[in-house]
Amino acid sequence: MSAAPPPRLADLATARRLRAIHDQHDRLALLCAELEAIADDLPRACPQRCRRAADALGTLVPEHHASEIVVLRELLAADRPDLVDRIARQHGEDEGLAGEIGHALEPIVAGGAADAPETLGYMLRCFFTSYRRAMLVEELAIRAAAPAA
């Protein structure tokens, strides 16, 4: 009985990047839960919670998008370039809204109140609802392209 050949280094690197995406999705799911809690607490949201959320919106979200699109292009560009392009466009829209939310959280972070709590609550709910849905689509796309992931 012969041993199975060792996995290719490219396969190991892809598996590592896929694991990183899954880990980022876990952290982003926690961010969505934080944003939902902030929306529920308005107009009296916790400044420290808002600071953490604003920081994550400005760093975690774009970092995730940058690393994820590389892997999605590797996995899907040959068969589904349209899907990769659509996800990339959605990432841009998500980053735009994340920036607007971060800006809208600034008065709370500074110890004040949101300028328009109803509007901020709506923005937060739009973001975390659509972001949760987007992560699900991305996970499904990854599983379809790399079933062992």
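The values are calculated or read from the model by the stated rules, or taken from the named source; none is laboratory data. Since the model is a prediction, treat every value here as computed from it, not as a measurement. Ideal geometry is used to build each Cβ from the backbone, glycine not excepted, and the neighbour counts take in all protein chains shown.
Inspection of segment 119-135 finds a residue satisfying the criterion of being hydrophobic (A, V, I, L, M, F, W, C), within 20 Å of Arg80 (Cα to Cα) and modelled with pLDDT of 95 or more.
When Glu106 is tested against (1) of a type in the set (Asp, Glu); (2) outside any helix (DSSP H, G or I); (3) in contact with a Cys (Cβ under 9 Å, 6 or more places away or on another chain), only condition (2) is not met. Would you check which residues across segment 109-142 are in contact (Cβ under 8 Å) with a residue 24 or more places away in the chain and part of a loop (DSSP other than H, G, I, E, B) and list them? Listed by number, the residues that qualify are Ala110, Gly111, Ala113, Ala114. Quick one: would you say Ala88 is of a type in the set (A, V, I, L, M, F, W, C) and in a loop (DSSP other than H, G, I, E, B)? Spelling it out, it is not the case that Ala88 is of a type in the set (A, V, I, L, M, F, W, C) and in a loop (DSSP other than H, G, I, E, B). Given the conditions (1) of a type outside the set (D, E, K, R); (2) surrounded by fewer than 16 Cβ atoms within 10 Å (Cβ to Cβ); (3) within 20 Å of Arg133 (Cα to Cα); (4) modelled with pLDDT of 95 or more, which single one is not true for Pro47? Of (1) of a type outside the set (D, E, K, R); (2) surrounded by fewer than 16 Cβ atoms within 10 Å (Cβ to Cβ); (3) within 20 Å of Arg133 (Cα to Cα); (4) modelled with pLDDT of 95 or more, only one is false for Pro47: (3).
Among the conditions (1) modelled with pLDDT of 95 or more; (2) surrounded by 14 or more Cβ atoms within 10 Å (Cβ to Cβ), Thr59 misses just one, which is (2).
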